[in-house]
Amino acid sequence: WDGFNDASGIHNVGSDNTMVACAGVANELHVCLRKNDGRLFHAIRKADGSWDGFNDASGIHNVGSDNTMAACAGVGNELHVCLRKNDGRLFHAIRKADGSWDGFNDASGIHNVGSDNTMAACAGVGNELHVCLRKNDGSNN
């Protein structure tokens with residue numbers, strides 16, 4: 001361990017965070033923060049230790065401020081982010097290697113996703129994204 005360092009002094013981090021998700025993409029650490037008001041912030045810790053961000057991602061299509069949780073995973077050179085909305089719907093997006101975002105798209109119409117999700121976790125395995133969901137009734141998909 002290199003220790004746990006206080007990151008609250010980094011631009012836009014503060015102490016009003018309710019959730020954090022992170023993933024390794026190439027040689028960088030991507031971090032997503034959910035603020036108390038539901039907004040999503042994204043940053044990159046580069047290989048040299050410097051930070052890029054934290055930038056408010058709430059303005060990206062379908063992100064908004066009605067997020068209750070986020071999960072993210074690195075797949076190849078891309079960051080995949082899953083957001084759970086207040087109403088239980090799951091949204092998915094990809095941050096491409098060039099920095100552009102594809103999504104956030106409502107995934108609740110995909111078989112067995114629905115809008116009754118309480119939690120989500122994801123991981124990049126090979127060149128695929130794997131998503132696990134916890135449903136309101138306690139079952140897992």
Residue-by-residue Karplus 3J(HN,Hα) for region 133-141, coefficients 6.51, -1.76, 1.60, Hz, glycine and proline x: 10, 10, 8, 4, 7, x, 6, 10, 10
Tell me, in nm to one decimal, what length is gained between residue 135 and residue 26 on full extension, where the rule is 0.36 nm per residue of separation less the Cα-Cα distance? 36.1 nm
Label selected from (i) 14.8, 45; (ii) 16.6, 52; (iii) 23.2, 76, the criterion being Rg and Dmax of the Cα atoms in Å as computed here: (i)
Could you tell me what percent of the accessible area of the chain is made up of carbon and sulfur, with a 1.4 Å probe and every protein chain present? 47 percent
Compute the distance from the alpha-carbon center of region 1-23 to that of region 81-107, in whole Å. 21 Å
Length released on extending from residue 6 to residue 100, taking residue separation times 0.36 nm less the Cα-Cα span: 30.9 nm
Judged on accessible area alone, 1.4 Å probe, highest first, 44, 60, 110 line up as 110, 60, 44
Quick check: from the Cα gyration tensor, does region 101-141 come out rounded (a/c under 1.5), prolate or oblate? oblate
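Taking only protein heavy atoms into account and a 1.4 Å probe, give the accessible area per residue of the chain in Å².
Ligands and nucleic acids excluded, the figure is 54 Å² per residue.
The values are calculated or read from the model by the stated rules, or taken from the named source; none is laboratory data. This is a predicted model, so every value here is computed, not measured. Side chains are part of the model used for accessible areas, which takes the heavy atoms of the whole protein and leaves out ligands, DNA and RNA. Shrake-Rupley method; radii C 1.70, N 1.55, O 1.52, S 1.80 Å.
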